[in-house]
1. Can you tell me the Rg and the Dmax, both Å, for the Cα atoms in the chain?
2. GluC sites (Glu not before Pro), restricted to the range 184-217: which are DSSP loop and have at most 16 other Cβ atoms within 10 Å?
3. How much mean residue ellipticity at 222 nm does the chain get from its helices, if each DSSP H run of length 4 or more adds -39500 (n - 2.57) and you divide by all residues, to the nearest 500 deg cm²/dmol?
4. Pull out a ≥ b ≥ c, the square roots of the eigenvalues of the alpha-carbon gyration tensor of the range 91-136, then state rounded if a/c is under 1.5, prolate if not and a/b is larger than b/c, and oblate in the remaining case.
5. For the range 49-126, count all C-alpha to C-alpha pairs, find those more than 19 Å apart, and express that count as a whole percent of the total.
6. Explain nothing, just compute: Karplus ³J(HN,Hα) = 6.51 cos²θ - 1.76 cosθ + 1.60, θ = phi - 60°, for every residue of the range 118-124 in order, whole Hz, x for Gly and Pro.
7. For the range 83-194, what does the alpha-carbon gyration tensor say about shape, rounded, prolate or oblate, given a ≥ b ≥ c as the root eigenvalues, a/c under 1.5 as rounded, and a/b over b/c as prolate?
8. Rounded if a/c is under 1.5, else prolate if a/b beats b/c, else oblate: with a ≥ b ≥ c from the C-alpha gyration tensor eigenvalues square-rooted, which is the range 140-236?
Amino acid sequence: MANKPAHAQALLELKNVRVHYGGVKALDGVDISLFDGEVVALMGPNGAGKSTVLKAIAGIAPVDNGTIAYCNKPITPVVHLMAHKGIVLVPQGRRVFTRLTVEENLELGGFIIKNKNELKERIEDILKLFPALKKKRTERAGTLSGGQQQMVALARGLIVNPKALLLDEPSLGLAPKLVKEVFAKIREINQIKNTAILVVEHNVRTLLETVNRAYVLDKGKVAAEGTAEKILKSDILEKVFLGKLNG
Ligand SMILES: Nc1ncnc2c1ncn2[C@@H]1O[C@H](COP(=O)(O)OP(=O)(O)OP(=O)(O)O)[C@@H](O)[C@H]1O
Ligand SMILES: [Mg+2]
């Protein structure tokens, strides 16, 4: 997999970001960047701060120190304004509206698009990427399989045509074959739409074939950063997952 091109612009840049939840230090001075058109993985054990990184960018987690820049400008993320800016978070846990149809779920993803015709066009455009969903567009999302529901969550995130898509454990709870499908779809989205993607993932090997770069988080800090190959060849994952870092 190619590394980021030398001329690429940093789309998102977190510098020294700290987040506290009461007395809990969730992020302790994190530097992370996402360049135009990249797929970047966030890895690390439970509680490392992965979801908090995405939430900080999406305006959900309280950033009490450091800076977040988007398109080279410092921003203060406010949750309901992020879709307008082109930043979309697909949260952990396949949150689809089970009683609504696939199409209605996609309409909700496009809540900021006021022009009905434009919204319809966006939905058609996105459904081209998800042929399996197209066939089920009038069915309730709750009747779909877990893998298909994850595709609905992905498709819904794409309706506003984001520049940066933040995916929190998109393969959680899916069978290995479906995990592969979800990752193939992520790669396809990135290639067809040129969407930059920051993805939290536990399925280390499947993921490293899909991503350009990866960050390994441990206890609220970046423990390692590099190409997928570099991370795989090192013993950093074993160390952080087995709690062996720093002795
Ligand atoms: N809303 C919250 N209130 C208090 N503490 C929180 C909250 N959200 C997260 N934390 C704490 O912050 C730390 C980082 O949590 P985070 O959810 O970012 O981890 P994670 O790497 O996504 O873990 P997982 O792999 O389990 O999803 C953990 O210690 C967690 O308990
Ligand atoms: Mg998490």
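The values are calculated or read from the model by the stated rules, or taken from the named source; none is laboratory data. A quick note: this is a predicted structure, and the numbers were derived from the prediction, not measured. Methodologically, a virtual Cβ is constructed for each residue, glycine included, from the backbone with ideal geometry; neighbour enumeration extends over all protein chains shown. Calculation scope for accessible area: heavy atoms of the full protein, side chains included, ligands and nucleic acids excluded. Shrake-Rupley method; radii C 1.70, N 1.55, O 1.52, S 1.80 Å.
1. Reported Rg and Dmax, both Å: 17.6, 59.
2. E209
3. -10000 deg cm²/dmol
4. oblate
5. Values: 1434 of 3003 pairs.
So the pairs more than 19 Å apart make up 48 percent of the total in the range 49-126.
6. 4, 4, 4, 4, 4, 5, 4
7. oblate
8. Since a/c reaches 1.5 and a/b is larger than b/c, the shape of the range 140-236 is classed as prolate.
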